[in-house]
Structures are given as structure tokens and as C-alpha cells.
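FYI, it's all coordinate maths here, none of it is from the lab. Because the structure is predicted, anything quoted here is derived from the model rather than measured. Here Cβ is always computed from backbone atoms with ideal geometry, including for glycine, and neighbour counts include all displayed protein chains.
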Amino acid sequence: MKKTFPLHAAGKEDLRVLDAIKLEITKYVKRERKKTLPSEFDVWDFSCKVGSESESAAVISLSDVPKAVEAVALAGGAEVYVEIMASAGNRVRKQYPATHHRRES
């Protein structure tokens, strides 16, 4: 999804327009996650950019997209550019150090 959303609409409150943008982003992510993955992958990865325009968009994580959209709106921007691209990937398992030792009694 590469889209520029207007932050102001005639006859609508700015907060409702902002909520509609967030809802459309959420719907897109849910729709992408429902797609079947290729057999060698186990998760969808999302690369995201948000900014007042496409050239100045900053790379952020998926969980920070709503906050970044709000930040552009609070800065007084007339529109917000959102880019979310889904790609298949594999989970990275965390490796925990073996710090727990059993006591022998």
C-alpha cells in the first residue's frame, strides 16, 4: 500500500478523518496477513514508511504507524503519506543464555 491520505475533509471532524485512516491501515494489514504464505516462509514482514510526503517519509516499525500518522496530523500537515509493503519472511527465534543452573541436594 502506497497512499497519500488527506487529513482534512469538508464536513467531517479531523479526529474522525484520522480514525478512518487508522482503520484503513488496520484493514490492509489484516488482509495481507490472511494471504497464504509460500511454503518456505512462516510469517509476513512489513516494511513501513510514514511522512508528510513520499520523499520525507521515515522508516518505522508497523506498531509505530498510528503514532506517526498522529504526529503528522499534530504538526499541522494537510496530508500524510503511508507506505506499507508486505513480504514473506521467517521468524527469528530468541536465543536465551543458559543462566539457570539446577541445584543438587
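Suppose we filter segment 66-95 for residues that are surrounded by 13 or more Cβ atoms within 10 Å (Cβ to Cβ) and in a strand (DSSP E or B); how many remain?
The number of residues fulfilling the criteria is 9.
Please enumerate the residues belonging to segment 4-45 that are touching a helix residue (DSSP H, G or I) at 6+ places or on another chain (Cβ under 8 Å) and either within 15 Å of Met85 (Cβ to Cβ) or touching a residue at least 60 places away in the same chain (Cβ under 8 Å) (or both).
Thr4, Phe5, Pro6, Leu7, His8, Ile21, Ile25, Val29, Trp44
Do we find a residue being touching a residue at least 60 places away in the same chain (Cβ under 8 Å) and out of contact with any helix residue (DSSP H, G or I) (no Cβ under 8 Å at 6 or more places or on another chain) anywhere in segment 94-102? Steps first, please.
Let us first name the residues in segment 94-102 that are touching a residue at least 60 places away in the same chain (Cβ under 8 Å), namely none.
No, segment 94-102 has no match at all.
So which of Leu62, Leu7 ends up being in contact with a Cys (Cβ under 7 Å, 6 or more places away or on another chain) and surrounded by 13 or more Cβ atoms within 10 Å (Cβ to Cβ)?
After applying the criteria, what remains is Leu62.
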